[in-house]
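Accompanying notes for the structure given below.
The numbers here are math on the coordinates, done by the rules we state, and not lab data. Computed from a predicted model, the values in this text were never measured in an experiment. Because the Cβ atoms are built from the backbone with ideal geometry, glycine has one as well, and the counts that use them run over all protein chains shown.
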Amino acid sequence: MYIIWSFLYNRLDTVLCFKPPTRELFIPVMDMLRETKVPVVSIDVPSGVDVDNGDAEGLQPDMLISLTAPKFCSKLLTKTHHYLGGRFLPQPLIDKYKLTLPEYPGTSLCVKLSSPE
């Protein structure tokens, strides 16, 4: 039942365009995601967005679920609900890269980082 709900009410960005420009093969899919009237959810980095620099030409999703840690490009998504998912980073790795991660409530596997301005 969840799969049907998800298809009717959301679009999941799984194009995996790691670095702009978007390859020609994926342009029709990206156009469809930009034009849809239902919310678009991106995982980790929105398709067509440069992870380090952001990109105005990339997808601007309604929701972003970052994995492990927020990426720099997520700061540029001002109209996006932003969540961080995954509590699976070991402490030595957090210490090594001096990551500042939010506290997860209780046993939750995700935490809300921001809402649209």
Can you work out ³J(HN,Hα) from phi for every residue in the stretch 76-83, in order, using Karplus 6.51 cos²θ - 1.76 cosθ + 1.60 and θ = phi - 60°, giving whole Hz and x for Gly and Pro? 8, 9, 7, 10, 10, 6, 10, 10
I need the Kirkwood Rh of the stretch 20-117: take the reciprocal of the average 1/r across all distinct C-alpha pairs and report it in angstrom. 14.5
Anchor Lys79: aspartates and glutamates whose Cα lies under 20 Å away (excluding residues fewer than 8 positions away in-chain): Asp13, Asp31, Glu35, Asp44, Asp50, Asp52, Asp55, Glu57, Asp62, Glu117
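Tell me the trypsin sites (Lys or Arg not before Pro) within the stretch 84-115 that lie in a loop according to DSSP and have at most 15 other beta-carbon atoms within 10 Å.
Details: sites: Arg87, Lys96, Lys98, Lys112; in loops: Arg87, Lys98.
Of the trypsin sites (Lys or Arg not before Pro), the ones in loops of the stretch 84-115 whose Cβ has at most 15 other Cβ atoms within 10 Å are Arg87, Lys98.
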